[in-house]
1. Suppose we filter region 273-311 for residues that are among the β-branched types (V, I, T), in contact (Cβ under 8 Å) with a residue 60 or more places away in the chain and under 19 Å from K79 (Cβ atoms); how many remain?
2. Among all residue pairs at least 6 apart or on different chains, which show Cβ distances below 8 Å where the first residue, located in region 312-334, is within 19 Å of V370 (Cα to Cα) and in the same structural domain as V362 (by TED's automatic domain parsing) and the second is among the polar types (S, T, N, Q) and in a helix (DSSP H, G or I)?
3. Out of (1) in contact (Cβ under 8 Å) with a residue 40 or more places away in the chain; (2) within 30 Å of S381 (Cβ to Cβ); (3) among the hydroxyl-bearing types (S, T, Y), the odd one out for S107 is which?
4. Only one of these is outside the structural domain of Q201 (by TED's automatic domain parsing) and more than 30 Å from V370 (Cα to Cα): M286, M237. Name it.
5. From the residues in region 184-235 that are among the acidic types (D, E) and either within 30 Å of W59 (Cβ to Cβ) or crowded, with 16+ Cβ neighbours inside 10 Å (or both), which one is nearest to the chain's Cα centre (by Cα)?
6. How about region 207-286: which helices (runs of 4 or more DSSP H) wholly inside it have at least 3 residues that are within 30 Å of R179 (Cα to Cα)?
7. When you scan region 102-110, do you find a residue that is part of a loop (DSSP other than H, G, I, E, B) and buried (at least 16 other Cβ atoms within 10 Å of the Cβ), even just one?
Amino acid sequence: MSSAPAPATTPVPQAPGTLRAGLAHPVALLKWLWIAYMTPGRPGRATTATELRWIYTAWLGAFLFKMLGSSWDVSWHFKWLRDDLAPPHLLNTAGTAVVVALVVFHSYSGYGVDRRALRLMQAGIATFLVAIPIDIVNHRINGLDITSWSPSHALLYLGTAIMLAGAIRGWWLYAAPGRIRELVSLGLWLFFVENVLFPNQHQEYGVLSLEAYRAGRTTAEPSLLDFAAAQGQTPAMFMLPVPSWVHPAWLICAGLLSLVLARKIIGLRWTATVIAVVYLGYRGVMWLGLVATGFPPSVLPVVLILGAVLIDLAVTRGIPGWIAGVVVTAAVYGLAHPLEAMGLLPPWGWWSALPVAVGFAVLWGLVDLVAGSAWFAHWRSADEDVALPAASAA
């Protein structure tokens, strides 16, 4: 009695030799990716170093699209009325579509993630997708509502932060130690910090837009100003819609705290400084591009660099966060004072220095406690045992 024939399998086409060769023939590339990798598997599935680089390069590309779209979107909203199909929204949507595809891929195949990383990715994209219709309804009900500080926008930032946390965890767990792991981690943390600092751009654009309006050379189109007036809002109400303590409090207690986390997790001596410099460099390039194409400019939060340098020095020298937090806050407020006087920062409520210093010190101290705990050591290990790829030459 003869044995049953083995089931036929779809032959896997030859892989493209390089990324450039794959992008030159996108249909063939997608066909190869689908047949070779869209197979069911569990989180922790063995993934080679090359496969990890492809996967997480796609993550970097997706968030680059999202960051470009969101940066353009802020300036757009200070010039034109809101439009769901505006070009910056479409660019951001393209990045979101790639993120959705990546989360589906990880969920189905199990490549490049453990269970916790995958759950973070899934929770993050679910939060983001739920926030989109809520935000659309919010705009329909509340009219103009261009503020970055609305609850529906907060859900978008939260979803993005959670999915990025999953990507950061997945890459750091499974990538081989070396320069490539560090560079990709810096890229992912750059997007994380940009997302955290994003709400503050409202004031950074608003302070210059309001100044231009009061000087009689407004950068906003008449349709935007007329619509705001019809909604009962003055230019100051939608250009600087939050109290003056919000910008410094968020920059320090959220933005600089994110840099503390990046410094402790990546561990490179100048982690926070590099991320801050690249972030501000990106903002500067976008400033040039937007202004050259007729969009409103913004001030740049250059005080971030001083805070980042001091964070790197404090962590390197082992200074406790409850002390370093007060010192860093005092230094940042000290530099901000002349910058605000020169119109290079939004208004800062100087009375907020003490509560912000206390809050940042407490938060940094908590980070120190968690970083030294057994729980965190366990959290940093993969949920599944898997053979890590061999280290490759950096």
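1. First, the residues of region 273-311 that are among the β-branched types (V, I, T): 273-275, 277-278, 285, 291, 293, 299, 302-303, 305, 309, 311.
Still in the list and also in contact (Cβ under 8 Å) with a residue 60 or more places away in the chain: 274-275, 278, 299.
Filter once more, keeping what is under 19 Å from K79 (Cβ atoms): 299.
Counting residues in region 273-311 that are among the β-branched types (V, I, T), in contact (Cβ under 8 Å) with a residue 60 or more places away in the chain and under 19 Å from K79 (Cβ atoms) gives 1.
2. Close Cβ pairs (under 8 Å, with a partner that is among the polar types (S, T, N, Q) and in a helix (DSSP H, G or I)) amount to D312/T271; D312/T273.
3. Failed condition: (1).
4. Working: M237 fails: outside the structural domain of Q201 (by TED's automatic domain parsing).
Result of the check over M286, M237: M286.
5. Within region 184-235, the first condition is being among the acidic types (D, E), and the residues that meet it are 194, 204, 211, 221, 226.
Of the ones still in play, those that are also either within 30 Å of W59 (Cβ to Cβ) or crowded, with 16+ Cβ neighbours inside 10 Å (or both) are 194, 204.
Details: E194: 5, E204: 18 Å.
It comes out as E194.
6. On the way: elements: 222-230, 235-239, 246-250, 257-266.
Because the criterion is at least 3 residues that are within 30 Å of R179 (Cα to Cα), the helices (runs of 4 or more DSSP H) in region 207-286 that meet it are 257-266.
7. Just the residues of region 102-110 that are part of a loop (DSSP other than H, G, I, E, B), to begin with: 110.
Then drop every residue that is not buried (at least 16 other Cβ atoms within 10 Å of the Cβ), which leaves 110.
Within region 102-110 (the criterion being part of a loop (DSSP other than H, G, I, E, B) and buried (at least 16 other Cβ atoms within 10 Å of the Cβ)), the answer is yes, since at least one residue qualifies.
Yes/no matrix, rows are residues, columns are (1) of a type in the set (D, E); (2) in a helix (DSSP H, G or I); (3) more than 29 Å from S244 (Cβ to Cβ):
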{"site": "L158", "(1), (2), (3)": "no, yes, no"}
{"site": "L183", "(1), (2), (3)": "no, yes, yes"}
{"site": "G187", "(1), (2), (3)": "no, yes, yes"}
{"site": "F192", "(1), (2), (3)": "no, yes, no"}
{"site": "L197", "(1), (2), (3)": "no, yes, no"}
{"site": "E204", "(1), (2), (3)": "yes, yes, no"}
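The values are calculated or read from the model by the stated rules, or taken from the named source; none is laboratory data. Predicted, not measured: the structure shown is a model, and the values here were computed from it. Every residue, glycine among them, receives a Cβ derived from its backbone with ideal geometry; neighbour counts consider all protein chains shown.
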